[in-house]
Amino acid sequence: METDKDKIMCAFKPYEQFCKAMLDAFVVIDTNGKIMKSNPAAALLTGVSSKHLLKVSSVDEVLTMSVAGQTLSSRELLKNIGPTRIDDITATTGQSSELNLTIGYFPFVVDGAIIGAFVLIRDVTAETQLQGKYKDKASKSITDSLTGLFNRAHFEDFMRNEEPRIASLPVGSDHRNLSVIMGDIDHFKKINDKYGHPAGDYVIKMVAQIFQKTFRRTDIVCRYGGEEFLVILPASDAKGSVVAADKVRDAIEKFKFEFEGITIPVTMSLGVAQMIVGQELGKDTISRADAALYQSKHNGRNQVSMHTGAAIINHKQVAA
């Protein structure tokens with residue numbers, strides 16, 4: 001008679017060879033959170049040998065996770081009926097201080113019931129600490145007085161440090177990716193001319209708040225100057241960054257900008273570029289993102305374009 005473990009391992013089998021090449025940790029768990037399969041990276045992350053990981057009654061014994069102060073147990077995770085990504089996870093293990101994780105969850109479903117799951121675990125502690133380091137340095141010299149966002153000087157300082165760091169990482173590592181989003185409020189001069197400069201300042205502050213709420217905690221959000229905003233996305237490729245850019249574009253279009261009883265229509269055009277590590281500097285990546293932004297403006301505004309290094313394509317073409 002086939003056991004639940006047999007069913008789980010059968011469901012995992014098509015992916016087993018592929019998973020051997022993964023740099024991130026992963027575990028395959030049953031409905032009790034018991035680990036059926038893991039890789040060496042999971043042992044390294046938890047500080048528990050691969051052999052012992054298979055003996056614990058639940059992954060919760062070796063990895064305690066929480067999101068926004070709420071415990072994220074394996075049982076809570078297994079309530080998700082579809083593939084799920086969870087960011088901003090705080091975690092501890094028996095051997096470590098606090099970790100910052102992102103996990104990808106894929107349930108194994110048989111006859112309509114979840115029998116287990118594949119859980120990919122990415123350690124983003126270094127990126128989070130790096131951002132925290134710069135946030136701790138936040139002062140008038142590196143922040144924009146109107147929005148509270150980092151300013152252009154901070155961006156340039158960050159990039160000078162980031163360029164050699166990511167270049168030193170192994171080729172193929174997701175952490176070697178870095179993308180940039182450049183955004184510009186559409187027809188901003190007309191907003192100032194029609195509604196006044198205080199209204200223009202209000203629009204910029206509200207857009208800044210939308211950016212802060214929309215992007216990840218590990219992303220670096222800057223006011224680049226005037227009505228231009230720039231975001232640095234560590235460990236993010238161009239396609240993922242295009243999705244993020246379109247999400248903030250949509251949020252701005254749908255937000256009700258109301259100043260002194262007057263509703264102001266606001267949209268934003270954006271451009272995306274991924275750094276070609278080892279072949280260009282951050283300023284070159286910015287130039288490509290700016291060219292993609294210009295193309296979004298040229299094509300009618302309120303849209304996202306991506307510079308691939310060879311060509312500029314629209315967000316809808318990327319999605320296709």
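Worth pointing out:
- Qualifying residue in the range 240-253 (condition: more than 30 Å from residue 25 (Cα to Cα), touching a residue at least 12 places away in the same chain (Cβ under 8 Å) and in contact with a Phe, Trp or Tyr (Cβ under 8 Å, 6 or more places away or on another chain)): yes
- Filtered residues of the range 191-218 (kept if within 22 Å of residue 305 (Cβ to Cβ) and without any contact (Cβ under 8 Å) to a residue 40 or more places away in the chain): 214, 215
- Any hit, the range 81-96, residues being at pLDDT 80 or above, farther than 30 Å from residue 224 by Cα, of a type in the set (Asp, Glu) and assigned by TED's automatic domain parsing to the domain that holds residue 37: no
- Only one of the listed residues (199, 208, 153, 251) is within 25 Å of residue 300 (Cβ to Cβ), in a helix (DSSP H, G or I) and out of contact with any helix residue (DSSP H, G or I) (no Cβ under 8 Å at 6 or more places or on another chain). That residue is 208.
- Scanning the range 268-300 for residues that are surrounded by 14 or more Cβ atoms within 10 Å (Cβ to Cβ), touching a strand residue (DSSP E or B) at 6+ places or on another chain (Cβ under 8 Å) and outside any helix (DSSP H, G or I) yields a total of 9.
- Selection from the range 210-244 of residues that are surrounded by 14 or more Cβ atoms within 10 Å (Cβ to Cβ) and more than 30 Å from residue 125 (Cβ to Cβ): 227, 228
- Residue match in the range 221-235 (condition: hydroxyl-bearing (Ser, Thr, Tyr) and more than 15 Å from the chain's Cα centre (by Cα)): yes
- Residues of the range 56-93 classified as in a loop (DSSP other than H, G, I, E, B) and among the aliphatic types (A, V, I, L, M), total: 7
- Taking the range 245-266 as the range and being crowded, with 22+ Cβ neighbours inside 10 Å and under 22 Å from residue 68 (Cβ atoms) as the test, only 248 passes.
The values are calculated or read from the model by the stated rules, or taken from the named source; none is laboratory data. None of the values given here were measured: they were computed from a predicted structure. Counting neighbours? That spans all protein chains shown, and the Cβs are built from the backbone with ideal geometry, glycine included.
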